[in-house]
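Working notes for the structure below.
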Amino acid sequence: MTEHCIHLVGLREELPTLERLAAQVCNDWPVPDSTPTTRPLPIGETGLFGSAGAGAFDQGVVLLAKVPDQTPPSTVYKAIDHLRAARISGVMIVADEATTRNISSGGIITMPASTSPDLIAATLHALCSRQEAVNELTQDLSISQRSHGGVREEMERISQELSLAANIQRELIPRTMPDVPGLEFGVLYRPAGFVSGDIYNIQQIDDKRIGFFIADAIGHGVPAALLTMIISQSLPMRGGCSEGRLISPSDALARLNDDLCDVSDGNPRFATAVYGIFDFESGFVQIANAGHPAPMVVGRDQTTEIHAGGPLLGVFHDAQFEEQTVELRPGDTLLLYSDGFEMAFPDAKAPDGTKGDPNQYLDHIKPLGRWMEHEGQSLARVFEKLEQKLDQASGSMHQADDLTALAISRQAVAARKAA
């Protein structure tokens, strides 16, 4: 059982009288085994009824105070406010009985000087019991606030680290597109969070060829983002030459697949990817696919999907990746995209807003390849319109997956001459 101490507060000359009252209160204490101790505190030391603070009081104590005669009610109100702020409860003995009916508040109870000691004892006993619970709650609150502060600091630290990781990841994607006469490039890159599980790159290999890829690490967040960094640092190197010959897209994906299997350390890390090399002199594209959504060649009259099959990256060693060669004719656009678009445009007619035509998202992607059909249109402007559609789509504030789209467009001959 907690031992209680009652602080006796009054003018120095009134303290002996207050101590005698306290002795009677202790004699009348409802539970003899829990009789409190007393501690006299002159008003001049406590600051009560005279200055702005509650002075020498410890937080969470119980007091028996004698309000000096002729003390204005406003001063008593201020004293009560200070005591409540310090979570102090107690009994105030007030000379004016009429005043006592108006100024009791919370854990502070005012009583006239004529109140019997046994009633004061019962009241103080109840306040001591209440105060014990208040003190425990205060301690719990303090612990909770400290814990909350620690959690907040940890969350701020994590947020800063994720922001730094996002900046590093963005440094791995090209800031500008290659400058090749007769070609237009467009890109959309929208991570679902701080960092993305998607990555892309496009760079000029030599004076007639461009290498490009888009990859999607399985999963979300930091683990997926770390995997994209491995892919980003591996695939562009595969776009160079080895032993005097250009590494083909299928060989590049095969070597990347072995790299991912080697670093798995018993925890498989999977990814999909499309890698290609575009010879812009001949117009032919060599392309290989590792479990990624099929790229499309969008022309004026038709849309053709490039089904170059291949397994996911990182599943098993010595995987083989099929390679196809397609022609990108003047006026055609090659489109690559990540599977996040499959959930980016929910079907408003479906009962749950998500089911419906599984290929509906293609209606929003294919216009990227037909930008030349509209006079005064540009590929960049078409990508801006796609961004606007994504912003307007249901749930765009909580994007379900990372979104990446890449377009390589070979201008029509007439458009090139006009330029």
Restricting the search to region 254-275, which residues are under 29 Å from the mean Cα position of the chain (by Cα) and in contact (Cβ under 8 Å) with a residue 60 or more places away in the chain? 272, 273
Qualifying position, being assigned by TED's automatic domain parsing to the domain that holds residue 324 and surrounded by fewer than 16 Cβ atoms within 10 Å (Cβ to Cβ), among 263, 274: 263
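Being surrounded by 12 or more Cβ atoms within 10 Å (Cβ to Cβ), under 30 Å from residue 383 (Cα atoms) and not assigned by TED's automatic domain parsing to the domain that holds residue 380 is true for just one of 127, 162, 119, 188. Which residue is that?
Residue meeting the stated conditions: 162.
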Do you know which of the residues in region 247-260 that are among the small types (Gly, Ala, Ser) and touching an Asp or Glu at 6+ places or on another chain (Cβ under 7 Å) is surrounded by the most Cβ atoms within 10 Å (Cβ to Cβ)? 250
Give the residues of region 191-207 that are under 20 Å from the mean Cα position of the chain (by Cα) and within 19 Å of residue 383 (Cα to Cα), sorted by residue number. 191, 192, 198
Identify the single condition in (1) modelled with pLDDT of 80 or more; (2) over 25 Å from residue 135 (Cβ atoms); (3) part of a loop (DSSP other than H, G, I, E, B) that residue 30 does not satisfy, given that it satisfies every other one. (2)
Just checking, does region 211-224 include any residue being touching a strand residue (DSSP E or B) at 6+ places or on another chain (Cβ under 6 Å) and part of a helix (DSSP H, G or I)? yes
Can you run down the residue pairs with Cβ atoms below 8 Å, 6 or more apart or on separate chains, where the first is in region 276-302 and touching a residue at least 40 places away in the same chain (Cβ under 8 Å) and on the phi > 0 side of the Ramachandran plot and the partner is acidic (Asp, Glu) and assigned to a strand (DSSP E or B)? 283/327
Residue check: is residue 324 modelled with pLDDT of 90 or more, farther than 23 Å from residue 300 by Cβ, in the same structural domain as residue 280 (by TED's automatic domain parsing) and of a type in the set (S, T, N, Q)? no
Single unsatisfied condition, residue 40 versus (1) exposed (fewer than 15 other Cβ atoms within 10 Å of the Cβ); (2) of a type outside the set (A, V, I, L, M); (3) modelled with pLDDT of 85 or more; (4) not in a loop (DSSP other than H, G, I, E, B): (1)
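The values are calculated or read from the model by the stated rules, or taken from the named source; none is laboratory data. Quick caveat, the model's predicted, so the values are computed rather than measured. Methodologically, a virtual Cβ is constructed for each residue, glycine included, from the backbone with ideal geometry; neighbour enumeration extends over all protein chains shown.
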